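Okay, structure first, notes after.
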Amino acid sequence: MTASVESRILLIIGGGIAAYKALELIRRLRERGVFVRVVMTEAAQRFVTKLSVESLTGNRVYNDLFAPTDDSGMGHIELSRDADLLVVAPATADLLAKMAHGLAGDLASTLLLATDKKILAAPAMNLRMWLHPATQRNISLLQKDGVVFVGPEQGEMACGEYGPGRMSEPADILAAIEHVLAHDTHIPLPAELVRNQEAASLLAGRRMLVTSGPTHEPIDPVRYIANRSSGKQGHAIAAAAAAAGADVVLISGPVALADPAGVKTIHVETARDMLREAEAALPADIFIGVAAVADWRVAETAHTKIKKDQKQTPCLTLVENPDILAAIGQRSKDRPALVVGFAAESEKLEENAHAKLIAKNCDMIVANDISEAAVFGGENNEVVILTKQGKDSFPLMSKQDVAVRLVAKLAAMLGGTSR
Ligand code: C5P
């Protein structure tokens, strides 16, 4: 189902400056004929008026837990029962904390607890609130509960600071709504994990190394070469492996994510640092290279800031960075039993991924098509898994679900080998 005349959305507007963008979202949903009902928190009504929302939706706005919509007094349950999807935008730090901990003190949080419908949240807050371990903990809990996230984006904030925390633009939230409605992103745990009562010990006694995030290759003390990796997929894999009992070392480039619980996280900046730490962390049973390592670095980093007022624009000479995955895959000593690479491809997905499997001497390549979905920084991923024996495809699902399934698959592949 895409967002169309048949769709019914319950939009919960939290109290943040980004609430004004919710009005634009409603307008775009209404343009597509989507039925939109809105619940506003008390704080949201300080930022936008009920009247504006009611004019745009053509429906009354709900905000009172104790004002039932029907005679049974179960108005709040009815509100979410009636919807195909619950959208929280802006999802403030306060609302996310309430959702993560099952608090139900007002109509918005009560509805979010009293539902079995899919929830899509668009966080918006000051960057320090977003980066705070408490918020990051809440986000991980909610992701485990199946809540899908869109954003937040990096950028200039209403408070004048710059960083992650801006709510996604209405067009992006709309695209995420269409995605969630079109694909059932709620994937039950893989059969292997459900059947196996010992899910928590699938990888007990195993050691796993994971690289995640981008690398930053300095040009001078203030500038660097990098790419768009958020680290979400790599961190989710490290967390899922730790949950399955593995001893996990995560080697992470600069990311705006909290270190996963129960994982030894080593922070690095450059590809060369990442390779050094990966080699130092061997031996391991599994190596998974999820990091989007910068392919090049400048031949010589300037020790002082390169001035703009030079007569000529600076000419950067690039040299190739080490390929960490290939270096680990091709080791003769201490090569992990399973070496797994990721391949983000925008064309000839399987052909290119297969070439990487061979060239880097991997046991598995997890390939994703970056030409379609907003994979970088997004919450979902659709992957094809290639091994020398064959291929397997996972449908579109959250990065957490990809991680859990991948861990189950790797545990099964390692099965017979000694611990
Ligand atoms: O060749 P490409 O960059 O597409 O390969 C992607 C895979 O190789 C990923 O698993 C990535 O972590 C790994 N890689 C690496 N070191 C590099 C480049 C890529 O480990 N310098």
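It is to be established whether one or more residues within segment 302-313 are of a type in the set (D, E, K, R), touching a residue at least 12 places away in the same chain (Cβ under 8 Å) and within 13 Å of the ligand (Cβ to nearest atom). No, segment 302-313 has no match at all.
Quick check: anything in segment 289-298 in the same structural domain as Leu338 (by TED's automatic domain parsing), aliphatic (A, V, I, L, M), more than 15 Å from the ligand (Cβ to nearest atom) and under 25 Å from Leu410 (Cβ atoms)? The answer is no; no qualifying residue exists.
Scanning segment 331-359 for residues that are polar (S, T, N, Q) and within 12 Å of the ligand (Cβ to nearest atom), we see that the one that is nearest to Ser229 (Cα to Cα) is Ser346.
Figure legend. Inter-residue proximity from segment 321-338: first residues free of Cβ contacts under 8 Å to residues at least 40 places away in the same chain and under 19 Å from Gly213 (Cβ atoms), second residues within 7 Å of the ligand (Cβ to nearest atom) and among the hydrophobic types (A, V, I, L, M, F, W, C), beta-carbon distance below 8 Å, spacing 6+ or different chains. Indicated pairs: Asp323/Val293.
Going through Gly75, Gly16, Gly33 one at a time, which residue ends up being of a type outside the set (D, E, K, R) and either within 17 Å of Leu113 (Cα to Cα) or at pLDDT 95 or above (or both)? Matching residue, one of Gly75, Gly16, Gly33: Gly75.
Within segment 258-277, the set of residues being of a type in the set (Asp, Glu) and either within 13 Å of the ligand (Cβ to nearest atom) or part of a strand (DSSP E or B) (or both) comprises Asp273, Glu277. Does Met167 satisfy the condition of being closer than 27 Å to Val147 by Cβ, away from the ligand (no atom under 16 Å from the Cβ) and at pLDDT 90 or above? Yes.
If we only count helices (runs of 4 or more DSSP H) wholly inside segment 57-168, which ones have 3 or more residues that are in the same structural domain as Arg30 (by TED's automatic domain parsing), over 23 Å from Ser398 (Cα atoms) and under 21 Å from the mean Cα position of the chain (by Cα)? Please lay out each step first, then the result.
Working: elements: 75-81, 93-101, 107-113, 127-131, 133-144.
In segment 57-168, 127-131 are the helices (runs of 4 or more DSSP H) which contain 3 or more residues that are in the same structural domain as Arg30 (by TED's automatic domain parsing), over 23 Å from Ser398 (Cα atoms) and under 21 Å from the mean Cα position of the chain (by Cα).
As a summary of the residue check, Glu320 satisfies the conditions (1) of a type outside the set (A, V, I, L, M); (2) touching a helix residue (DSSP H, G or I) at 6+ places or on another chain (Cβ under 9 Å); (3) within 16 Å of the ligand (Cβ to nearest atom) except for the one numbered (2).
The values are calculated or read from the model by the stated rules, or taken from the named source; none is laboratory data. Computed from a predicted structure; not experimentally measured. Using ideal geometry, Cβ is built from the backbone for each residue, glycine included, and neighbour counts are taken over all protein chains shown.
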